[in-house]
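I have placed the structure first, in the form of structure tokens, so that the comments after it can refer back to it.
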Amino acid sequence: MKKLLSIKFGLFFVLATVLLMTFGIAYASAVQADTFNQGTQRLNANSSPGNETDSGAVSSLPPGNTLGNARKAFAYWDAGGTNVNLDIDTNIGGGVTSNELSFSMGSGTTGQAKVIWDGSTDVTTDQPDYDGLNVDLTSANPENDAVYVKVLDADHQTSLMLTAFGGSATNFGQKDIAIFGDGDLHRVDLVYRFVDFSEEGGWSNPSSWENVGALQMDIDGTIVDDLDITIDEVGARPTEEVREYGDLPELDPSNNPKYDEYQGAYHIPQGLTLGYNLDGESGPNPSRYANGDNNNDFDDEDGVVAIDPEAWIADGSGTIQFRVNGCIGSCFVNGWIDWNNDGDFLDANEYVLQDFSRAGNYIRSLTVNYPSGTTEGWIYARFRVCPTAATCNDPAVAGVVNGEIEDYVWYIGGTPTAVNLQSFSADATSNNVLVGVTMGLAAVLLVGFVALALRRQRHQAE
């Protein structure tokens, strides 16, 4: 009996420990992020008397919901004839809330916004309680080493500045990331690594992140008027959860290794992109059609285009077009094309873009030459952009701070054979299903009829 009780107690202890650990991890994760899905706030600032500078609002949230269980928000009008609007978790119609932060203003209007997490509900001042939060933002498994910001939309240039305070106004770390928005920007993940923050007063990275007194985010809407930006999440994260990987295949159709040495390459996203969009991931997404990243959360492969690849073999050369966005100063693009499709980028003429540099944001078309003997078929390509020279000039290098990887597969020298499904029929027999499929080539020629007998499972009663 004692042995039985001992076993039951042991099982109870193990179960209780697991539940406690699970709850503890969930709680720790929850209090270190704000996903803007609770605590409605709607602010409008303009030039009307009594509202010349700002308006503020605070939301007290349930324990474990967000940093310090409170969020203070402020909107500031700068110039122009329309409102500066800051809306958080507001009703967008039909009883549906946005679960987002939206900062917007009209044409000709500029302004700013500020969001503070300090555990305080006092909005008589727009300054944080510098030691009100006192939270360890590194606490997680694996350990947090960055602040993650998920931007969903931005239509003009802006910047997002994060400031972490350690007990006083003069003791802080700060980092600013520029966003060059456009109507086509619908997702950019930003990783503010603790070690990249400035160190003011007694602030020291990363140890000061173990006791953060307040966290503040400033949105600058004075660079360009008529800004609209939407943010879905701000919170502490491990960098390894939000990296930018590629999606080249790791096996060919015969299960032989292919591009396996390039799977570990990644960037830490901080605003510099090929195209406009970038969503981070926790690991590579190898796929036969180089679309694993496209199909993972958000399709961000929008930076490089092959121009008329079906004519490349006849012309003796090809044209690619690429867009660089989020570039401050000069940025560097590297590209590789596996002309002979042998699973690497080591052969002649396969390094097609070598630290190509141009200042600012731009679209560029370049001619690429391929070696003699290149034949019609599928080819794989990898492109990378980075903020400094000789940083991502290797298709396999990992840990590049800022920038992006994009992988592609193109069919060159012709049009791949297409098969069009023209009809489908299924006829039941006593114990089988007869399936008929009529298919045609791209020229819509009837090439055959396929009949397949599929054995149906008999019912248990039979």
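Would you mind stating whether residue 184 is within 25 Å of residue 83 (Cα to Cα) and within 24 Å of the chain's Cα centre (by Cα)? The answer is yes for residue 184.
When residue 276 is tested against (1) among the hydroxyl-bearing types (Ser, Thr, Tyr); (2) under 12 Å from the mean Cα position of the chain (by Cα); (3) farther than 27 Å from residue 358 by Cα, exactly one condition is not met: (3).
This table checks each residue for (1) within 30 Å of residue 175 (Cβ to Cβ); (2) surrounded by fewer than 13 Cβ atoms within 10 Å (Cβ to Cβ); (3) within 19 Å of the chain's Cα centre (by Cα).
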{"site": "356", "(1), (2), (3)": "yes, no, no"}
{"site": "368", "(1), (2), (3)": "no, no, no"}
{"site": "377", "(1), (2), (3)": "no, no, no"}
{"site": "384", "(1), (2), (3)": "yes, no, yes"}
{"site": "392", "(1), (2), (3)": "yes, no, no"}
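Applying the condition of being aliphatic (A, V, I, L, M) and modelled with pLDDT of 95 or more to region 237-273 and asking which residue is farthest from the chain's Cα centre (by Cα) yields 248.
Among residues belonging to region 329-360 that are of a type in the set (Phe, Trp, Tyr) and assigned to a loop (DSSP other than H, G, I, E, B), point out the one that is nearest to residue 391 (Cα to Cα). Ranking the candidates gives 345 first. Within region 248-289, the set of residues being more than 27 Å from residue 328 (Cβ to Cβ) and among the acidic types (Asp, Glu) comprises 250, 252, 260, 261. Of the strands (runs of 3 or more DSSP E) contained entirely in region 218-311, those carrying at least 2 residues that are touching a residue at least 24 places away in the same chain (Cβ under 8 Å) and not assigned by TED's automatic domain parsing to the domain that holds residue 140 fall at 266-268, 304-307.
It is to be established whether one or more residues within region 139-147 are outside any loop (DSSP other than H, G, I, E, B) and touching a His at 6+ places or on another chain (Cβ under 8 Å). Within region 139-147 (the criterion being outside any loop (DSSP other than H, G, I, E, B) and touching a His at 6+ places or on another chain (Cβ under 8 Å)), the answer is no, since none of the residues qualifies.
The values are calculated or read from the model by the stated rules, or taken from the named source; none is laboratory data. The model shown is predicted, which means the values in this text are computed figures rather than measured ones. Neighbour counts run over all protein chains shown; Cβ positions are idealised from the backbone, glycine included.
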